[in-house]
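Notes follow once the structure below has been shown.
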Amino acid sequence: MIKFFRKIRQNMIKENKVSKYLLYSIGEIVLVVIGILIALTINNNNEAGKIKIKELDYLMGIKSDLQLNLKELNAYKVLRETSVNSAETILGFFEGEEIVDLNKFNLHNLNVQVWYPIKKNDNTFQELINSGNLAIISNSSIKNTLLNIQMGYKQISFLEDHLTYDFENYMYPIYFSITDLKSDLENYTFQVSKGAEGINKKLSEEKIELLLNNQTFKNGFMLSVFANNKLIIEYNTMILMTEKLIASIETELEKNK
C-alpha cells in the first residue's frame with residue numbers, strides 16, 4: 001500500500017502536477033492523522049474499560065465490607081442498649097431499690113463494665129486509599145457517603161475512648177479494690193450462658209453494699225448511660241448511611257452488568 005501511494009506521488013511530480021501533488025499530500029496527512037486519532041480512541045476506550053472493571057471490583061469489595069459492618073452495627077447497638085438498661089437498673093439500687101437477688105446486681109453490673117469496641121471492616125476502602133485509586137469511583141454520591149461513613153467511625157471511636165476513660169477513672173479502680181473479680185466473672189458467665197459455663201458462685205452482700213455506698217462508682221454508671229446513649233445515636237446514623245450506600249452500590253453494579 002505504501003509503495004502504491006509513493007508511486008502515485010512520483011508520477012505526479014514527473015508530470016509536473018504540483019497543485020495536485022500538494023492536495024494529495026494534504027489528503028495523505030489527513031488520513032494519517034485520522035488513523036492516529038482512531039488508534040488513540042481505541043486505546044483510550046480500552047483503558048477506560050479496564051478502569052471501569054477495576055472500579056466495579058472495588059465497589060463489590062466495599063459492598064461486602066459494608067454488609068459485614070451492618071451486622072456489627074446492629075449487634076453492637078443491642079449491646080449498648082443492654083448496657084444502658086443494666087446501668088439504669090444499678091442506679092435504681094443506688095437510689096434505694098432493694099436487692100432481692102445478689103446475682104441480679106452482678107449481672108447488670110458486669111453487663112455495663114464488660115464491653116468491646118466495635119469492629120470495622122474497611123479493607124477495601126483502605127486499599128482504595130493507599131493505592132491512590134479513590135478517584136476511579138465515578139459516582140460522587142457513593143464516594144461522598146463512603147467518606148462520611150469513615151468520619152462516622154472516627155466519632156464512634158472518640159466516644160469509645162471517652163467510655164474507656166470514664167471506666168478507668170470512675171469504676172474499675174473502685175470495683176477491683178473491693179470485689180473478688182474471679183468469683184464475679186464465674187457467676188456472670190454462669191448466668192449469661194444459662195448454666196452451660198462458669199460457676200454459680202455465692203456473692204458477698206457486704207462487698208456489694210460497699211460499692212453502693214461509693215458516690216464515684218455511682219457517677220461511673222451515670223457517665224456510662226450518657227456515653228452509651230450517644231453511641232446508640234451514632235450507630236443509628238451509621239446504620240442508615242450504610243444501608244443507603246449498599247443500595248447505591250447495588251444500583252451502580254446493576255447498571256454496569
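Taken together, the values in this text are just the output of simple stated rules run on the coordinates, not laboratory data. Predicted model, so just to flag it, every value in this text is computed and none were measured. When we count neighbours, we look across all protein chains shown, and the Cβ atoms used for this are built from the backbone with ideal geometry, even at glycine.
At a glance:
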| quantity | calculated |
| --- | --- |
| Pairwise Lys count, segment 60-180 - Cα closer than 22 Å, eight or more residues apart or different chains | 18 |
| Contour excess over end-to-end distance, with Cα ends at residue 104 and residue 54 and 0.36 nm allotted per residue | 12.5 nm |
| Karplus 3J(HN,Hα) series, Hz, for segment 159-174 with 6.51 cos²θ - 1.76 cosθ + 1.60 (x for Gly, Pro) | 5, 5, 4, 5, 4, 4, 4, 4, 5, 5, 9, 10, 10, 4, x, 5 |
| Eligible aspartates and glutamates near residue 54 by straight Cα distance, threshold 20 Å, same-chain separation 8 or greater | 65, 122, 127, 250, 252, 254 |
| Cα gyration tensor of segment 67-255 - equivalent ellipsoid semi-axes, whole Å, descending | 41, 16, 14 |
| Loop sites in segment 124-229: trypsin sites (Lys or Arg not before Pro), DSSP, at most 12 other Cβ within 10 Å | 194, 202 |
| Highest to lowest packing among 125-135, 71-81, scored as the average C-beta count within 10 Å | 71-81, 125-135 |
